[in-house]
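Enquirer: Dumping the structure here so I can ask a few things about it.
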Amino acid sequence: MLRYHTIPVTPFAQNSSIVWCDETMAGAVIDPGGELALLRAAAEKRGVRIEQILLTHAHIDHAGGAGALARELAIPIIGPHPGDRFWIDSLAQQSQMFGMPAAESFTPARWLADGDTVRVGNCELEVRHCPGHTPGHVVFHNAAAQRAFVGDVLFAGSIGRTDLPGGDYDTLIASIVERLWPMGDATVFIPGHGPESTFGRERRSNPFVGGT
């Protein structure tokens, strides 16, 4: 079964999640935006062996620590979709803009596309391409655990911003309705910021997508 532990990191309080297979203890870090020592300590405390990095998208608060963590642990970076290549290429500029530690450049070992799967130990995560916040944003869904790691696509009571380069409001809404809702109302999602919620709750009450 897939297990996870979420830790807010960076001044943006971005939710970075350590996910692992409880049979093998093989794990991954989703969106290591920064504070890598904290993430590594949390994994070690739980006996998790971090074997890969999974990225939902390449904004600095989500991807700023990916290059350094990949180098430190000699592990691959998986994702996001190639639509976010320009965000990866601008990570150094992003870190300067927001006064964050300089981000190391990297090239993902594997780009992701809609319908791909990634494995964490014996657990499988389905990849859905969900553009709108960024062109290359992806979401990771584990059906067995009824959990989805959605980055900045959807929040409890809100949605991702669409005013940054490559963002598009209509595309984001379509991603939520067409890619997230079919995962089921009972699915708990872990957003890029703030508390968890369920897709059912957001379908009922979210002012942006409620009733869709």
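A short reminder: the numbers here are calculations on the coordinates, not readings from a lab. A quick note: this is a predicted structure, and the numbers were derived from the prediction, not measured. We place every Cβ from the backbone using ideal geometry, glycine too, and count neighbours over all the protein chains shown.
Enquirer: Only one of (1) of a type outside the set (Asp, Glu); (2) closer than 21 Å to Ile176 by Cβ; (3) surrounded by 15 or more Cβ atoms within 10 Å (Cβ to Cβ) is not met by Ala63, so which one is it?
Expert: (2)
Enquirer: Starting from residues that are touching a Ser or Thr at 6+ places or on another chain (Cβ under 7 Å) and of a type in the set (S, T, N, Q), keep the ones in segment 120-178 and report whichever is surrounded by the fewest Cβ atoms within 10 Å (Cβ to Cβ).
Expert: Asn122
Enquirer: How many residues are part of a helix (DSSP H, G or I) and surrounded by 14 or more Cβ atoms within 10 Å (Cβ to Cβ) when one looks only at segment 93-108?
Expert: So in segment 93-108, the residues part of a helix (DSSP H, G or I) come out as 93-97.
Of the ones still in play, those that are also surrounded by 14 or more Cβ atoms within 10 Å (Cβ to Cβ) are 94-95.
Qualifying residue count for the region: 2.
Enquirer: Among the listed residues Ala58, Ala103, Ala28, Ala42, identify the single one that is within 18 Å of Glu124 (Cα to Cα) and either within 17 Å of the chain's Cα centre (by Cα) or in contact (Cβ under 8 Å) with a residue 24 or more places away in the chain (or both).
Expert: Going through Ala58, Ala103, Ala28, Ala42 in turn, the sole match is Ala28.
Enquirer: So which residues in segment 161-202 are farther than 20 Å from His129 by Cα and in a helix (DSSP H, G or I), if there are any at all?
Expert: Gly200, Arg201
Enquirer: Also, I was wondering about something else. List every residue pair whose Cβ atoms lie under 7 Å apart, where the two residues are 6 or more positions apart in sequence or sit on different chains, the first residue falls within segment 108-131 and is at positive phi, and the second residue, located anywhere, is surrounded by fewer than 15 Cβ atoms within 10 Å (Cβ to Cβ).
Expert: What qualifies is Gly121/Glu23; Gly121/Thr24.
Enquirer: Let me ask another. Of everything in segment 33-71, what is under 12 Å from Phe106 (Cβ atoms) and assigned to a helix (DSSP H, G or I)? Give them in sequence order.
Expert: We begin by selecting, within segment 33-71, every residue under 12 Å from Phe106 (Cβ atoms); these are 53, 55, 58, 63-71.
Listed by number, the residues that qualify are Ala63, Ala66, Gly67, Ala68, Leu69, Ala70, Arg71.
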